[in-house]
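Report on the structure given below.
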Amino acid sequence: MLVTMVWLAGRYEATQVQEKLERDTANAVGDVRAALSRNLQDLQALNAHSVDANTWRAHASEMLQQRRELMRIEWRGMDMRLQAHAETPYRTVPWEDEKHGTELHSAEMLTCTQARRFNGPSYSPSRFQLLGDGLGTETMLVCMPLTENGHVVGYVLGTYSLHGILVSHVGKALPRTQEVSFTEPDGTRLALVGAAWRGSRMFTAQQLLDLPGSTLVLRMDSWHHAPSVFPNVMTALVTAMSIALISVLVVLVRDNRRRLRAERDLGDALAFRKAMEDSLVTGMRARDLQGRITYVNPAFCNMVGFSAEELLGLSVAPYWPPELAEEYTQRRDNRLSGASPPPREGHESVFMRKDGSRFPVLIFEAPLINAQGMHTGWMSAFIDISEQRRMEELSRASQERLQATARLATVGEMASMLSHELTQPLVAISSYAAGSLNMLKHEAGVSSAESQLKDLSMAMERIGDQAERAGRVIKSVRDFVRRRDKSREVVPPAELIDAVMPLVQLQAHKLRVKVQVELEPGLPSVLCDLTMVEQVLLNLARNGMQAMDLPELKERVLTLRVRQAPQEQQEPRWVEFSVMDCGVGIPKEVAEQLFTPFFTTRAEGMGLGLSLCRTVVEQHGGHLDYRPHLPSGTEFIFTLPAHRDARQN
């Protein structure tokens, strides 16, 4: 029985080796068939994407670089004349002269005739091709007819190296104890790949590779040592079983210890993850591929007011506002179908708590991938941004109060200038009124009555002009200080300049500054908050005039320029406002903190002017910056977007 058992074990080992070799041979034949089929598709696709010989040759060369088993590809017309060809770059083959001509060998002509008859690919028998230096290789030709509207219009021929087929598709997975070869049905070996290792026993398996027009046999040989047996089989078996039993016991003890340690580590990891989930303030929600909720953390439940039991398994969330449920459902379906990938920066939505109150949330979504790398659903993170929105509203209100304070401070500084400016029209009105009274008291003849009436009429007109002048000054200040709701309107750039000119002229008259206005013709209107942009222009103009309030400056010119900003594209268009002075410029140490809030170089300044100006411009989508104004001074530039209708016009 022991001898029989050993003999049966040897037979079983040999059978296993032979069966494995048969499977390897069948797999190798399948790989070769699949590779040849792919090559046929690529050969047929060459003429589908190529309209001329050069393009065809480029595509064929690219295919030869990828398919090393192919040595040459030819494109022949219906009359078998050569249209174009390409050769492999990996070896130099001295092809025969007739190969380059219009005629083919009889065997190759027969192959193409069979391909035309079968209306499909046909392979030729193997043929020995010289490679130079007395070497050569077995080749095989495949002919593929090209059809158009059911008629053959040409042929594509490919020359295979049998050795290359074995190397490319079989040799990569070939063990060191095996060799594979192509043979004729009579046993003649055509190509061989594998090491020349020899053992005490050889196993052989063959599979037929039946191709249209040709038949090859794939043979695989495997070398193995013959099964050896101990001199005392029973002793060997008992010893082996004892060693195996002890080894199994040791392995079981170690495995049990590892298992207990892994379970303990897993429990610690789960407890740690649960503690993190419970301490998160960010809501987490998981959905499967059908859109059903599979997981929610406590932060999410606290956020919406629903418990986990009320949410798990639902596809239509109860925290969706009824008026937005249809929109959210469509967005969820698009997300699940993969039509719209989730934005990386997140998106905002509105959720409804259990008590019916609404609150805004910021949502981040990402695919949920399991340990096997499969997409099983979507994981979403939710952040309640109610407090953020409230703080933004408070900041916006505070900013508007600061702007109003800045306007009031500006008016306070202009009070002294207003007294001087209003004195002139008031003195003129008083003078004209006194002169009119004197003329009325003076008795004159009838002849001078008409002249006196004319003088009185002129005096009344002058009084009206001076009163209107004083009213304009007062109205400009009142409009500037008056707090208005934040609204944007379409305003021509010229109106912006005209609105601040009375106040700018007051400051310029006091500081002896000449104001110049340069308006580019044909400027589009801008969409802006008129009061806020007037504040920006007035602040920049006042800063420019104060920068020129130096005794050593003889020429004090402030230039207000408006033009269309230079740009490379047509959309969007911008209007550029510039305020240029002739001062001494901005020092480097001041420039680093120029737009910092509460930074100022003047003892009476608040340090909010330029910071508020930049905030206002950026709220309109523009940009505020400065640059030196040659030969001396500084130029502040800010941009405002042109109105859409103006851009279209």
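Details
- Stretched out straight at 0.36 nm per residue, the stretch from T92 to D355 would grow longer than its current Cα-Cα span by 86.4 nm.
- Under 5 Å from the amide H of T147 lie the amide H atoms of V153, each residue being 5 or more positions distant or on a separate chain, with H modelled from the backbone and absent for Pro and chain starts.
- Segment 2-222, relative contact order in percent, only Cα pairs under 8 angstrom and at least six apart counted: 20
- Using the Cβ-Cβ distance between E461 and V490 with R0 set to 41 Å, the FRET efficiency works out to roughly 0.70.
- Maximal additional length on extending the R117-E520 stretch stands at 137.0 nm, based on 0.36 nm per residue less the C-alpha distance.
- Sequence-ordered 3J(HN,Hα) estimates for segment 260-277 from the Karplus curve with 6.51, -1.76 and 1.60 and θ = phi - 60° stand at 5, 5, 5, 5, 5, 5, 5, x, 5, 5, 5, 5, 5, 5, 5, 5, 5, 4 Hz, glycine and proline given as x.
- Placed amide H near R573: partners under 5 Å, 5+ positions off or other chain: A642
- Ranking of I165, I243 by count of other Cβ atoms within 10 Å, fewest first: I243, I165
- Additional length obtainable on full extension of the chain from D265 to M241, 0.36 nm per residue less Cα span: 5.1 nm
- In order through segment 182-188: 3J(HN,Hα) via Karplus (6.51 cos²θ - 1.76 cosθ + 1.60), integer Hz, x for Gly, Pro: 9, 10, 6, x, 7, x, 5
- Taking amide H atoms as placed 1.01 Å from N in the peptide plane, the amide H of G377 lies under 5 Å from those of L368, each 5 or more residues away in sequence or on another chain.
- Cleavage-rule hits (chymotrypsin sites (Phe, Trp or Tyr not before Pro)) in segment 234-313: DSSP loop, at most 16 neighbouring Cβ within 10 angstrom: none
- Counting neighbouring Cβ atoms within 10 Å and putting the fewest first, the residues E534, E310 line up as E310, E534.
- Euclidean distance of C-alpha centroids, segment 253-294 and segment 20-37, integer Å: 45
- When the C-alpha to C-alpha distance is required to be over 23 Å, the pairs from K274/K354; K554/K588; K20/K172 that qualify are K274/K354; K554/K588.
- Working ranking of peptides 175-184, 357-366 by packing, defined as the average number of other Cβ atoms within 10 Å per residue, highest first, is 175-184, 357-366.
- Ranked by how many other Cβ atoms sit within 10 Å of their own Cβ, fewest first, the residues L624, L260 fall in the order L260, L624.
- Bridge type composition, segment 507-577 - antiparallel percent by DSSP, nearest 5: 35
- Peptides 15-25, 249-259, 106-116 ranked from most to least packed give 106-116, 15-25, 249-259, packing being the mean of other C-beta atoms within 10 angstrom over each peptide's residues.
- The label-point distance for S337 and R627, in a model that sets each label 7 Å from Cα toward Cβ, rounds to 5.0 nm.
- Distance-filtered residues of segment 168-191 - backbone nitrogen under 20 Å, label point 7 angstrom along A107 Cα→Cβ: 181-191
A short reminder: the numbers here are calculations on the coordinates, not readings from a lab. The structure presented is a predicted model; accordingly, all values stated were derived computationally and were not measured. All Cβ positions, even for glycine, are placed from backbone atoms using ideal geometry, and neighbour counts span all protein chains on display.
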